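*Asks:* One structure, as structure tokens, below. Some questions next.
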Amino acid sequence: MLLRMLSVIILSGTLAAAAACVDRGSGTKQNSKPAANESSAPAGATAAAPLAPADFALKLQSLLGQHSLLAADMMRARIRGDDDFAQAANNALGKNTDGITQLVQGAFGDQASNQFKSVWSPHVAAFFTYARGLADHDNAVVDQARTSLATFENSLAAFFSGASQGRLPLDKAKANVLMHVTQLTQQADAYAAKDYAKADQIYREAYAHTYALGKALSSVLLPPAQTVALQAPAWTLRSELDKLLGEHVVLVVDAERAGLRNSPDFATAAATVNGNTKDIAAAIDSLFGPAAAQQMQGLWADHVDQLMAYTTAVATKNQQQREDARAKLAAFEGKLAAFLDTATNKKLDSATVAKALAMHDKMLIDHADAFAAKDYAKAHDLEYTTYEHMYGLAGQMADAFGSTVMGRVPAGGAETGEGGMAGQMSHR
């Protein structure tokens, strides 16, 4: 699926024009409800400015995908009995809820954003309750949460269907919301049963579903004339890179935390990161070919290995190994920057990319340090910031990748169906 989606960028002769459509400025008590999700934006905060349609859809995807991962992390912490961590995770969920609400406000106004938050926040609280029931082996609490989630499903589906002015049928809205709820409860069930492989599989599936939901909702919430930008190949490339790089951040963070806790799900968490690395390599394959993909996978895997090596050094309090990991990460940053510089015919300046990668790595090692020090609020803030940082880097990469690939497609290739790169792609 990923290869087919990215292949359209190579096959289309409209990428250069489409690129213009994407305008960017480059310790909880057991029976308590998660208070953070009842909070609203700070008093006196400036109303969010409306985004261009393409940017609105990109941001909605990113925030919804992030919501799924933060909710799953909060549920898992509650199942483990990590109350302080669960509270910090819930605070991050509240921040994410405010982000989505402000996005809705900028596009559709105060009434719509207030209505959205009134049905969105209770479903976050219900996930917390569901996880508490699993942790306490209390079926009555689990059933109570299921009832609350069913109410949420109907309310949120009705909101989306109504806001679409009939473009999203109620039954389809319900099916999408039900899928979201089902995936998060199922991953929690699997985690509570210590089936970590199944839990992480659903974890990734839930992220992919809610991320894709961002485009689906944008396509029906925005006026039809404004959704043309979402069909542009440049938008598709940016969307896919956002998804893969954002997921990379959260999966590495999850593996770091498992390693620092010395928990039994560490091996599975590490394997899940490897799955994301393979997906990133597949994206490079579809754009630049198998040789580039192999080089990218090797570089990216080394990057992940050194982040895990740093995590191990923090856990074992080995200062020399920490310094060794830092040095190897710095070497990776230079190598990957040079690779991207060459692959894009210098459309991605190596010095600029190396600086961005260095910032990425610093935030992830700072996260490991904060988590090890049990400063969970800081750890979650760093995760949130790193996720947003990769959103910006994905935009730079998408612009450079797209213009590079289009520079290799001979005129007429897309029209003939077999000309230029089209013929090569059809035989991969």
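Every number in this text was worked out from the coordinates using simple rules, so none of it is lab data. Quick caveat: nothing in here was measured; it's all calculated off a predicted structure. Here Cβ is always computed from backbone atoms with ideal geometry, including for glycine, and neighbour counts include all displayed protein chains.
*Asks:* Give me 128, 401, 108 ranked fewest to most by other Cβ atoms within 10 Å of their Cβ, as a rough exposure proxy.
*Replies:* 108, 128, 401
*Asks:* Something else: How would segment 112-221 be classified by its alpha-carbon gyration tensor: rounded, prolate or oblate, with rounded meaning a/c under 1.5 and the a/b versus b/c comparison settling the rest?
*Replies:* Numbers: a/c = 2.71, a/b = 1.58, b/c = 1.72.
Cα axes put segment 112-221 in the oblate bin.
*Asks:* Same structure again: For residue 208 and residue 137, calculate 0.36 nm times their separation in residues minus their Cα-Cα distance, and state this gained length in nm to one decimal.
*Replies:* 22.6 nm
*Asks:* Follow-up. Report ³J(HN,Hα) in whole Hz for each residue of segment 385-402, in order, from the Karplus equation J = 6.51 cos²θ - 1.76 cosθ + 1.60 where θ = phi - 60°; Gly and Pro get x.
*Replies:* Using θ = phi - 60°, the values come out as 5, 5, 4, 5, 4, 5, 4, x, 5, 4, x, 5, 5, 4, 4, 6, 4, x Hz.
*Asks:* Now, a different point. Taking a virtual spin label 7 Å from the Cα of residue 321 along the C-beta vector, which residues in segment 219-260 bring their backbone nitrogen under 17 Å of it?
*Replies:* Label zone hits: 255-260.
*Asks:* Go through segment 120-129 residue by residue and turn each phi into a ³J(HN,Hα) via Karplus (6.51, -1.76, 1.60, θ = phi - 60°); whole Hz please, and just put x for glycine and proline.
*Replies:* 7, 4, x, 6, 5, 4, 5, 5, 4, 5
*Asks:* Sticking with this one: Once you have the Cα-Cα distance between residue 403 and residue 291, take 0.36 nm times their residue separation minus that, and quote the gain in nm to one decimal.
*Replies:* Here the answer is 38.3 nm.
*Asks:* In which sequence would 388, 383 go, from the one with the fewest C-beta neighbours within 10 Å to the one with the most? Mind showing how you got there, number by number?
*Replies:* Values: 388 15, 383 29.
Fewest-to-most Cβ neighbours within 10 Å comes out as 388, 383.
*Asks:* Also: Can you work out the PRE-style zone for residue 373? Point 7 Å along Cα to Cβ, and I want the residues of segment 267-307 with backbone N under 13 Å.
*Replies:* In segment 267-307, the label zone of residue 373 (backbone N under 13 Å from the point 7 Å along Cα→Cβ) covers no residue.
*Asks:* Continuing with the same structure: If you stretched the chain out fully between residue 150 and residue 305, how much longer would it get, using 0.36 nm times the residue separation minus the C-alpha to C-alpha distance?
*Replies:* 51.6 nm
*Asks:* Here is a follow-up. Quick one: if the Förster radius is 60 Å, what FRET efficiency do residue 225 and residue 267 give, using the C-beta to C-beta distance and rounding to 0.05?
*Replies:* Efficiency, rounded to the nearest 0.05: 0.75.
*Asks:* Return the whole-Å distance between the Cα centroid of segment 157-186 and the Cα centroid of segment 207-264.
*Replies:* So the separation of the two Cα centres works out to 18 Å.
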